[in-house]
Each structure stands twice: as C-alpha cells, then as structure tokens.
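Please read the structure below before turning to the comments.
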Amino acid sequence: MIRLSKHDRTLADIVQTVIEAALAEGEYPVALAKRIAAISTRHRNRGRVVARRQQPFQGICEASGLPLSIEDAVLDEIEPERGYAGRVRWVCPRANNSGRHSCGGC
C-alpha cells in the first residue's frame, strides 16, 4: 500500500466520494469510469519518458542480474510514492509483479 500524508489521504477520500457520486449519476458509468482511469493513468505516467531516457536499459534484470531481452523489460518504480520521479530499475515482469514471465532468477 502506498503511504499518503494526512493531507493527501483527505484529498483521496474526497476524490473517491466525488467519483462514486459521478458513477451513480452517470448515463454510462462504465465509460465514465474508463475516462476517469485514463486521466489518472496519464498523470501517473508523467515522467516515464524522461526516466527511460535517464536510465537506459542495460540488457539485464536489475533484480537478479541475469540477461533480459528488451521485449520483456519493465521499468519498475522503486519508490512508488514518487513514481517515475523517484528511483527506477529495469526488471522482468515477474520481479515487477506485473506478469508471469521471468528472467530465470526471479
């Protein structure tokens, strides 16, 4: 679970209340939920391009040290509270908890 300050927790609670009210009143709540998720994801991925440029892929899974192909590499946020503005590492999907493919060491 991501740690939030008291101020941010209060904001998150307010946003959750507003989202729930909007979904209850929306003509197409599923479409509305997808739009809200898209807005949130776009904000979360800010800085991802810069992080990829600042830490280019070296051909290894940084969790295990074993070789990893670029097709399987995932950019992992080490500090989830800071997102891509914090420290990042290149890992296999299994080390990132985002898939079943492993480099063989994770």
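The values are calculated or read from the model by the stated rules, or taken from the named source; none is laboratory data. Please read these numbers as outputs of a predicted model, since none were measured by experiment. We place every Cβ from the backbone using ideal geometry, glycine too, and count neighbours over all the protein chains shown.
Residues in the stretch 42-51 include none that are more than 26 Å from Asp8 (Cβ to Cβ) and without any contact (Cβ under 8 Å) to a residue 40 or more places away in the chain.
From the list Ala21, Ala51, Ala12, Ala38, the lone residue that is out of contact with any Lys or Arg (no Cβ under 6 Å at 6 or more places or on another chain), surrounded by 14 or more Cβ atoms within 10 Å (Cβ to Cβ) and at negative phi is Ala51.
Evaluated against (1) touching a helix residue (DSSP H, G or I) at 6+ places or on another chain (Cβ under 7 Å); (2) at pLDDT 95 or above; (3) not assigned by TED's automatic domain parsing to the domain that holds Ala12, Cys61 falls short on exactly one condition, (1).
Every condition in (1) free of Cβ contacts under 8 Å to residues at least 24 places away in the same chain; (2) touching a helix residue (DSSP H, G or I) at 6+ places or on another chain (Cβ under 9 Å) is met by Gln16 except one, and the failing one is (2).
For Gln54, which of the numbered conditions (1) outside the structural domain of Leu4 (by TED's automatic domain parsing); (2) at pLDDT 95 or above fails to hold? Evaluating Gln54 over (1) outside the structural domain of Leu4 (by TED's automatic domain parsing); (2) at pLDDT 95 or above leaves (2) as the failure. No other residue among Arg100, Arg87, Arg94 is among the basic types (Lys, Arg), farther than 18 Å from Thr41 by Cβ, free of Cβ contacts under 8 Å to residues at least 40 places away in the same chain and surrounded by 14 or more Cβ atoms within 10 Å (Cβ to Cβ) apart from Arg94.
Restricting attention to the stretch 49-76, the residues that are of a type in the set (D, E, K, R) and either touching a Cys at 6+ places or on another chain (Cβ under 8 Å) or more than 17 Å from Ser98 (Cα to Cα) (or both) total 3.
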